[in-house]
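Here is the structure we will look at.
The values are calculated or read from the model by the stated rules, or taken from the named source; none is laboratory data. Since the model is a prediction, treat every value here as computed from it, not as a measurement. Note that we place each Cβ from the backbone using ideal geometry, even for glycine, and neighbour counts take in every protein chain shown.
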Amino acid sequence: MRYVVVGLSYRTAPVELRERMAVADDRVRESLARIKESRAVDEAMMIATCNRVEVYAVAGDPLAATKTLSDHLSTLADRQLDGELYRLVDDEAVQHIFRVTASLDSMVVGEAQITGQIKDAFAVARQTQSVRGQLGSCLARAFAVSKRVRNETGIARHPASISSVAVELAGRIFEDLASVSVLVVGAGEMAELAVRHLVSDGARRIHVTNRSAERAAKLAAEFEATAIDWDKLEQELEWADIVITSTASPEPIITRKMLSRVMRARKQRPVFIVDIAVPRDVEAKARRLSNVYLFAIDDLEKAVAENLSARRKEAKVAERIVEHEVAQFRNWQRKQQAAPLIKELRRRFSEIAHGEAERAARSLKLEAAAQRQALDRMAEAIVSKLLHVPLVEIKRSVAEGEASDLAEAVMRLFKIELAAEDLSAMAATDADGDVDADSGTGDAAAPHEEALVGAKETR
């Protein structure tokens, strides 16, 4: 079985197309059911977000699988897709899955949201029984790779959006965001990101206001915040320690005169305001008021640029980690493919050896259990010594992609028959190309299954 990826992303498709295809979980379940009905793939999962729509699959025939998946995504898009789609097989597919999960292929490299989205998509696929051992092992390793990238690089330590920098700045001034009151003015994408970062950094008392009461209520409900009527904006300013504004107003909504009244009502208690709107939501002259600490988007853009540069440097380190992990996973997978032949060879030799030991025990009229056990141990030791070199050679040939000829010779010599899927798995290793493998004498570490159990992040 081979790994296959077919999909599109912000790199290949316009936002209008991506939005149309970013379907909810129930549609994803329907898609997985139709993909399974095609019988072109053995396992599949689908990730559908505003930035990418991809299917990760395992199939015996990659060409048939890519055609089926391409046709399905075209149906989902309600038009024929061609140049928008990328089609990846084997190592390229595995590398892509690892990179996406580790946020190396994200619009903002290092953002954490994609890992949670992949976990959600994987959970949906497991619920529909579309994922089993092989794709499950790949995703388990992908989650472990993502964790390793975050632990061993600084890719996530540098806020890379205006909203995240705004919250980081607030966190520098107020050590404990849980103890302060926050007002978010606006309910668009930037405001939503700001609330998301605030909650992630520990803020608990968050009020949201917007000209559209419905949008304010929706945003507040998503993050367990409180929606406030727009006409109470000035009253809310008297209450808040931190104010983050991001509306689409063509004129300032918070004037110097309004803030002057607010500061008198606050008895000059300091207020920290971050205006991330373009045009500005807060009148520039308000900066002159005592105890008003106002930061506009121009103040934040330099920090964002510096942080993005730092992330790009860390991403180079992360890419090397991914390359190493892809090679390790390939070696592990190949050794797993040799397991059925090794298991059957051991079983055949052990059956003969223990049969002869039993015959010898009867011939010698050995009655004592200790004597029979000694014969069994000797038989097992002989089997291990006889098979040591052949098994080392089988593992080496599998690791180097030369399994088929040797496997065929071993099966012919010892009259071993394997299931068709085991034979095709052995043959598939020959098509993967060479790899820098170890001697193959030891067992490779299994993928990190514990990585499947982790904190679920919000889609």
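Looking at the structure I just gave you, is Gly186 out of contact with any Asp or Glu (no Cβ under 6 Å at 6 or more places or on another chain) and modelled with pLDDT of 95 or more? Write out each step before concluding.
Numbers: out of contact with any Asp or Glu (no Cβ under 6 Å at 6 or more places or on another chain): yes; modelled with pLDDT of 95 or more: yes.
Yes: the conditions hold for Gly186.
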*Just checking, how many residues over segment 315-343 are touching a helix residue (DSSP H, G or I) at 6+ places or on another chain (Cβ under 6 Å), more than 28 Å from Met107 (Cβ to Cβ) and aromatic (Phe, Trp, Tyr)?*
0
*Return the total of residues in segment 270-285 being acidic (Asp, Glu), assigned to a loop (DSSP other than H, G, I, E, B) and without any contact (Cβ under 8 Å) to a residue 60 or more places away in the chain.*
1
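Give the residues of segment 286-312 that are hydrophobic (A, V, I, L, M, F, W, C) and in a helix (DSSP H, G or I), sorted by residue number.
Ala286, Ile297, Leu300, Ala303, Val304, Ala305, Leu308, Ala310
Only one of Ala310, Ala315 is of a type in the set (Gly, Ala, Ser) and either at pLDDT 90 or above or under 30 Å from Ile254 (Cβ atoms) (or both); which?
Numbers: Ala310 fails: either at pLDDT 90 or above or under 30 Å from Ile254 (Cβ atoms) (or both).
Testing whether each residue is of a type in the set (Gly, Ala, Ser) and either at pLDDT 90 or above or under 30 Å from Ile254 (Cβ atoms) (or both) leaves just Ala315.
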*Any strands (runs of 3 or more DSSP E) falling wholly within segment 9-121 and containing at least 1 residues that are among the aromatic types (Phe, Trp, Tyr)*: 52-59, 86-89
*helices (runs of 4 or more DSSP H) enclosed by segment 150-250 - at least 2 residues per element that are closer than 27 Å to Glu314 by Cα and not basic (Lys, Arg)*: 162-173, 189-200
_Being small (Gly, Ala, Ser) and in contact with a strand residue (DSSP E or B) (Cβ under 6 Å, 6 or more places away or on another chain) is the filter here; which residues of segment 80-134 pass it?_
Ala93, Ala121, Ala125, Ser130
*Which numbered condition trips up Val165, out of (1) modelled with pLDDT of 95 or more; (2) of a type in the set (A, V, I, L, M); (3) buried (at least 24 other Cβ atoms within 10 Å of the Cβ)?*
(1)
*Restricting to segment 270-300, what's the tally of residues that are surrounded by 13 or more Cβ atoms within 10 Å (Cβ to Cβ), within 27 Å of Glu192 (Cβ to Cβ) and either out of contact with any Gly (no Cβ under 8 Å at 6 or more places or on another chain) or not assigned by TED's automatic domain parsing to the domain that holds Trp239 (or both)?*
20
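Results for (1) in contact (Cβ under 8 Å) with a residue 60 or more places away in the chain; (2) farther than 26 Å from Val195 by Cβ; (3) small (Gly, Ala, Ser), shown as yes or no for each residue.
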| site | (1), (2), (3) |
| --- | --- |
| Leu135 | yes, yes, no |
| Ala140 | yes, yes, yes |
| Phe143 | yes, yes, no |
| Arg148 | yes, yes, no |
| Ala156 | no, no, yes |
| Ser161 | yes, no, yes |
| Ser164 | no, no, yes |
| Ala170 | yes, no, yes |
_Given the condition touching a residue at least 40 places away in the same chain (Cβ under 8 Å) and surrounded by 14 or more Cβ atoms within 10 Å (Cβ to Cβ), answer yes or no: does some residue in segment 366-381 qualify?_
no
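Could you identify the single residue in Lys257, Lys316, Lys267 that is assigned to a helix (DSSP H, G or I) and either over 33 Å from the mean Cα position of the chain (by Cα) or assigned by TED's automatic domain parsing to the domain that holds Arg211 (or both)? First the steps, then the outcome.
Details: Lys316 fails: either over 33 Å from the mean Cα position of the chain (by Cα) or assigned by TED's automatic domain parsing to the domain that holds Arg211 (or both); Lys267 fails: assigned to a helix (DSSP H, G or I).
Just a single option satisfies the conditions, and that option is Lys257.
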_With the structure loaded, tell me whether Ala277 is within 33 Å of the chain's Cα centre (by Cα) and among the aliphatic types (A, V, I, L, M) or whether it fails that test._
yes
*Can you find a residue in segment 329-340 that is within 33 Å of the chain's Cα centre (by Cα), in a helix (DSSP H, G or I) and modelled with pLDDT of 90 or more?*
yes
*Could you give every pair whose Cβ atoms fall below 6 Å, whose first residue belongs to segment 321-344 and is within 15 Å of Phe143 (Cβ to Cβ), and whose second residue is among the aliphatic types (A, V, I, L, M) and part of a helix (DSSP H, G or I), counting only separations of at least 6 or pairs across chains?*
Ile321/Val149; Glu325/Val145; Val326/Val94
*asked:* Step by step: first the residues of segment 338-365, then only those that are surrounded by 16 or more Cβ atoms within 10 Å (Cβ to Cβ) and of a type in the set (A, V, I, L, M), then the one that is farthest from Glu417 (Cα to Cα). Which residue is that?
replied: Ala361
*Of all helices (runs of 4 or more DSSP H) completely enclosed by segment 347-459, which ones contain at least 1 residues that are more than 30 Å from Leu193 (Cα to Cα), hydroxyl-bearing (Ser, Thr, Tyr) and at pLDDT below 50?*
420-430
